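Student: After the structure tokens below, expect a handful of questions from me.
The values are calculated or read from the model by the stated rules, or taken from the named source; none is laboratory data. This structure is a prediction, so every number in the text was calculated from the model and none was measured. Note: ideal-geometry Cβ built from the backbone for every residue, glycine included; neighbour counts use all protein chains shown. In case anyone asks, the SASA skips ligands and DNA or RNA and just uses the protein heavy atoms, side chains included. Shrake-Rupley method; radii C 1.70, N 1.55, O 1.52, S 1.80 Å.
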Amino acid sequence: MKKRWISALLALTLLLGIACGCAAPAGGEEAELGVVLEDMGVPLAGLPPVGIVLNPSASGTAVQKNDYAEIDYSNAKDGYVMVKWKGSSSTKVKVLVWGPDCTSQSDAYHYFLRTDGDYDVLPLSDGNGKYKVTVWKHVGEPSKYSQVLSASLEVTLTDQFAPFLRPNQYVNYSEDSAIIPKAQEIIENAGAEDNLSKVGAIYEWVVTNLTYDHEKAKNVKTDYLPDVDKVMEEKKGICWDYASLMAAMLRSQGVPVKLVVGYTSRGEYHAWINVWSEEGGWVEGMIYFDGKVWKLMDPTFASSGKQTNSIMKFINDSNNYKEKYFY
């Protein structure tokens, strides 16, 4: 396996552009009653030093807060903000993160916020520039929310990898997560040293050991979030689970990874990963070397399709994937 991954990416020039088009709503922190915030689906629901966690923290040096919520952007330079709901635990709450180049609400990053009094970590995925973070509470009708808090910030990242080396709401792990020693074991057994070798080892383990959970896919809700330790223990999951598990394992081993959400040419809402390599920079769609050519890597389809010729042909065509969000 190692030999398949040590070939250089010198011929590749697939550098990922992460511009997202979205404009923050006008107005300050006053409530905006009657605004409809559509719930996104769940992707494919229908179908640093090694081993060190770069823990996000709410330092309290740059905070916007009121009786409803708190937005801590003290460490925005490290690619994240932390948001906490302070109101009723029975309230449905959303957060919208508007990136530097946003032009519409539908393109902003939408998150469901936990309501147990703890923080959610939300990545600043669109790089340097102006952001606006808004918190919205549900106001009765199925898709109507009222804005209760907002914060505007200017972000200059410590480096381009900052948002993609740390845990966040969608790639959620900690020092105690079982995925960390497992990832270390897989990489050591494979003798992997460079980033692509590590990706190859983790990818091979995931597609070999996980199976697609069709029953879970039938019943999953729009606010579903992967539990990477549970997915690894049960060795099954949906698309979110595959991509989140791989991203968490690789980030814990110092490999910058973007969990990507978008659409396939089949019209499916899907998730996959992009990875950064020393030789080729950000590699779009993620690829692997089959001994002859580099191919697009999609761990869910490769596993659930048992790597058949037809499914691998679909995976290998990057035109079958359209990126929308990066986490």
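Student: Residues SER303, SER265, SER277: which one is modelled with pLDDT under 85, open to solvent by 20 Å² or more (accessible area, probe 1.4 Å) and polar (S, T, N, Q)?
Tutor: When all the criteria are applied, what remains is SER265.
Student: Please state which of the following conditions LYS235 fails to meet, knowing it meets all the rest: (1) more than 18 Å from VAL171 (Cα to Cα); (2) more than 19 Å from the chain's Cα centre (by Cα).
Tutor: Status for LYS235: all satisfied but (1).
Student: Here's something else I'd like to know. Going through ALA201, ALA183 one at a time, which residue ends up being over 19 Å from the mean Cα position of the chain (by Cα), on the phi < 0 side of the Ramachandran plot and not in a strand (DSSP E or B)?
Tutor: Exactly one of ALA201, ALA183 is over 19 Å from the mean Cα position of the chain (by Cα), on the phi < 0 side of the Ramachandran plot and not in a strand (DSSP E or B), namely ALA201.
Student: Another question, if that's okay. Somewhere in segment 234-251, is a residue outside any loop (DSSP other than H, G, I, E, B) and open to solvent by 40 Å² or more (accessible area, probe 1.4 Å)?
Tutor: yes
Student: Restricting attention to segment 114-125, does a residue exist that is in contact with a Cys (Cβ under 7 Å, 6 or more places away or on another chain) and open to solvent by less than 60 Å² (accessible area, probe 1.4 Å)?
Tutor: no
Student: Separate question: Starting from segment 226-243, take each residue that is modelled with pLDDT of 90 or more and list its partners that are open to solvent by less than 80 Å² (accessible area, probe 1.4 Å) and polar (S, T, N, Q), counting only C-beta distances under 7 angstrom and pairs at least six apart or across chains.
Tutor: PRO226/SER244; VAL228/SER177; VAL228/SER244; ASP229/SER177; LYS235/ASN209; LYS235/THR211; LYS236/THR211
Student: Kindly list, by first and then second residue, each pair from a residue in segment 84-104 that is in a strand (DSSP E or B) to a residue that is among the small types (Gly, Ala, Ser) and open to solvent by less than 10 Å² (accessible area, probe 1.4 Å), limited to pairs with Cβ atoms under 9 Å and residues at least 6 apart or on different chains.
Tutor: LYS84/ALA69; TRP85/ALA69; VAL93/ALA69; VAL95/ALA69; LEU96/ALA108; VAL97/ALA108; VAL97/SER125; TRP98/ALA108
Student: Given the structure, is TRP272 in a helix (DSSP H, G or I), under 14 Å from TYR170 (Cβ atoms) and among the hydrophobic types (A, V, I, L, M, F, W, C)?
Tutor: no
Student: Right, next: Look through segment 53-83, keep the residues that are part of a strand (DSSP E or B) and under 16 Å from the mean Cα position of the chain (by Cα), and return whichever of them is nearest to ARG166 (Cα to Cα).
Tutor: TYR80
Student: I've got another one for you. Tell me which residues, restricted to segment 171-203, are surrounded by fewer than 17 Cβ atoms within 10 Å (Cβ to Cβ) and closer than 19 Å to SER277 by Cβ.
Tutor: GLY191, GLU193, ASP194
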